[in-house]
Amino acid sequence: YDMRSEVPEEVFDTVIEGMRRATGQDGTYGTARSYVGDYPILIGSKTGTPQTEQFPNATFICFAPLYDPEIAIAVVIEDGWHGYNGA
């Protein structure tokens, strides 16, 4: 199933741009900058801290190369406290 046929391309462009900025590879602050900011291939990433009743979990997703992905990684750490811990 290819959802791109039902969602405007601008939506994907916006999400990908936000995930590019999260890496901090352009010299700006990004939540994953200290982990992938100097990587030689452009990466899209996003950290997350899903809340639970007791402790926050940590999530991190990324894919590369940014504009022609060949690899994707997803990390979930129960009670991980902050998304950057997954990075």
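The values are calculated or read from the model by the stated rules, or taken from the named source; none is laboratory data. In this text, all values refer to a predicted model and were calculated from it rather than measured experimentally. Areas reflect the complete protein model, heavy atoms only, side chains present, ligands, DNA and RNA absent. Shrake-Rupley method; radii C 1.70, N 1.55, O 1.52, S 1.80 Å.
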| remark: Computed over region 7-87, protein heavy atoms only, probe 1.4 angstrom, the accessible area per residue in square angstrom equals 66
| query | When the accessible area of region 1-73 is split by element with a 1.4 Å probe, what percent falls to carbon and sulfur? | reply | 57
| message | Contact order normalised by length for region 6-49, with contacts defined as Cα pairs under 8 Å and 6 or more residues apart; what percent is it? | response | 34
| query | What angle, in degrees between 0 and 90 and rounded to the nearest 10, separates the Cα long axis of helix 9-23 from the longest principal axis of the Cα atoms of the chain? | reply | 50
